[in-house]
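Asks: Following this message is one structure expressed as structure tokens.
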Amino acid sequence: MKLLLSLLATLFLASTAFAIDADEPLEDPGLQARYEEIIEEIRCLKCQNATIKDSPAFLATDLRREIKRMLVEGYTDEQIFDFMVERYGDFALYSPRASGKTLLLWVVPVALLLLGALALANIVRRRMAMPIDDEPDSGS
Amino acid sequence: MWKYFIPLIIFALLFVLLRSGMQDIMEGKNVSDLPSPLIGRQAPAFELPSLANPENTIGTDDFAGKPAVLNVWATWCVGCRQEHGFLMELSQSGTVPVYGLNWRDTLPEAQQFIAQLGDPYIDSAFDGDGRVGIDWGVYGAPETFLIGADGTVLEKHLGPMNWSIWQDKFAPYLAPEGAGR
């Protein structure tokens, strides 16, 4: 058990050692947990393919600081995401919301999947209806 | 018979779709530009120390009631040096008051920059920790905003400005009533 704990502790320490976010964690562990979830959901607009958790750009530093401030002030997660979308647009969130302009993003993959399933069902049904005696004349 | 055209039709549709996605690249636009949700909305109010005289403040109140340009700049920003000449000309032309938002910088460096290269701004607001930059959705200097007399954000340009961008994107808003938008 002790070994397991110390192994876990090592893992934990190692991950903080490599983290870009070098700031002090929040005092309240509950807030810190929410903080860590939120920063993985918000895009660093400067580097566009990194979350603000992974980005060393100072815009990301600023946004992390703002998120901490808002958490301490009692904002809900939803309010924090709203804050970001209001300033940087839908692109700021890694999982864009299903609303208006982003609806296509959510609907098209599902529609394509359904279309594919329909096509597949159609093909299978037609093959099932074929006569069975058309085995290739192998193995004679 | 018509079945054989299905792949062709699918190809044509895909072609149109992908080609329209490439439109911006073909036109040489920067595809990492993001539309600002700020356009058409009230400019986020701020009050910050003035760069020229840090004991005074400068803010959105200073350009209320008239169209104004707010240019986000920093001494570490290469694009800001590129557009500096344009900003000097714009400011001298008297077309519109030009204000600066000195973003994520230090006072001495910013003051030195202005002293060496010239000051195109009526004044710059000093946003050393980037707090106001966040409210304005700034994510990379230089960024240039056009604010209307009623305080709404009319247009935003990301990256260095020049006269051609000014004519295309900004000037129409300032044209005499009736003309342009």
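Asks: Would you mind finding the one in B:L146, B:L117, B:L101, B:L70 that is of a type in the set (A, V, I, L, M) and out of contact with any strand residue (DSSP E or B) (no Cβ under 6 Å at 6 or more places or on another chain)? I'd like the intermediate steps shown before the answer.
Replies: Values: B:L146 fails: out of contact with any strand residue (DSSP E or B) (no Cβ under 6 Å at 6 or more places or on another chain); B:L101 fails: out of contact with any strand residue (DSSP E or B) (no Cβ under 6 Å at 6 or more places or on another chain); B:L70 fails: out of contact with any strand residue (DSSP E or B) (no Cβ under 6 Å at 6 or more places or on another chain).
Residue meeting the stated conditions: B:L117.
Asks: Tell me which residues, restricted to segment A:49-64, are under 12 Å from B:Y139 (Cα atoms) and modelled with pLDDT under 85.
Replies: Those that are under 12 Å from B:Y139 (Cα atoms) and modelled with pLDDT under 85: A:A57, A:F58.
Asks: Looking only at residues that are of a type in the set (A, V, I, L, M, F, W, C) and out of contact with any strand residue (DSSP E or B) (no Cβ under 8 Å at 6 or more places or on another chain) in segment B:83-92, which one is surrounded by the fewest Cβ atoms within 10 Å (Cβ to Cβ)? Don't jump to the end; show me each part of the working.
Replies: Let us first name the residues in segment B:83-92 that are of a type in the set (A, V, I, L, M, F, W, C), namely B:86-88, B:90.
Next, from what is left, pick out any that are out of contact with any strand residue (DSSP E or B) (no Cβ under 8 Å at 6 or more places or on another chain): B:86, B:88.
Details: B:F86: 19, B:M88: 16.
If we take residues in segment B:83-92 being of a type in the set (A, V, I, L, M, F, W, C) and out of contact with any strand residue (DSSP E or B) (no Cβ under 8 Å at 6 or more places or on another chain), then B:M88 is surrounded by the fewest Cβ atoms within 10 Å (Cβ to Cβ).
Asks: Quick check: is even one residue across segment A:61-72 under 22 Å from B:P44 (Cα atoms) and part of a loop (DSSP other than H, G, I, E, B)?
Replies: no
Asks: Take the residues in segment A:21-59 that are in a helix (DSSP H, G or I) and free of Cβ contacts under 8 Å to residues at least 24 places away in the same chain; name whichever of them is surrounded by the most Cβ atoms within 10 Å (Cβ to Cβ). Even if it seems obvious, please write down each step before you answer.
Replies: Taking segment A:21-59 first, the residues in a helix (DSSP H, G or I) are A:29-39, A:58-59.
Subsequent filtering for residues that are free of Cβ contacts under 8 Å to residues at least 24 places away in the same chain retains A:29-30, A:32-33, A:36, A:58-59.
Values: A:P29: 9, A:G30: 9, A:Q32: 15, A:A33: 12, A:E36: 14, A:F58: 14, A:L59: 22.
The residue in question is A:L59.
Asks: Just name the residue that is surrounded by the most Cβ atoms within 10 Å (Cβ to Cβ) out of those in segment B:122-140 that are at the interface with chain A (Cβ under 10 Å from one of its Cβ atoms) and within 21 Å of B:F86 (Cβ to Cβ).
Replies: It comes out as B:V138.
Residues checked against (1) at pLDDT 90 or above; (2) open to solvent by less than 60 Å² (accessible area, probe 1.4 Å); (3) more than 26 Å from B:V132 (Cβ to Cβ); (4) within 14 Å of chain A (Cβ to nearest Cβ):
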position: B:Q23; (1), (2), (3), (4): no, no, yes, no
position: B:K29; (1), (2), (3), (4): no, no, yes, no
position: B:G59; (1), (2), (3), (4): yes, yes, no, no
position: B:R81; (1), (2), (3), (4): yes, no, no, no
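The values are calculated or read from the model by the stated rules, or taken from the named source; none is laboratory data. What you are looking at is a predicted structure, and each value in this text was computed from that prediction instead of being measured. With ideal geometry, Cβ positions are generated from the backbone for all residues, glycine too; neighbour counts draw on all protein chains shown. Note: accessible area is taken over every heavy atom of the protein model, side chains too, but ligands, DNA and RNA are not part of it. Shrake-Rupley method; radii C 1.70, N 1.55, O 1.52, S 1.80 Å.
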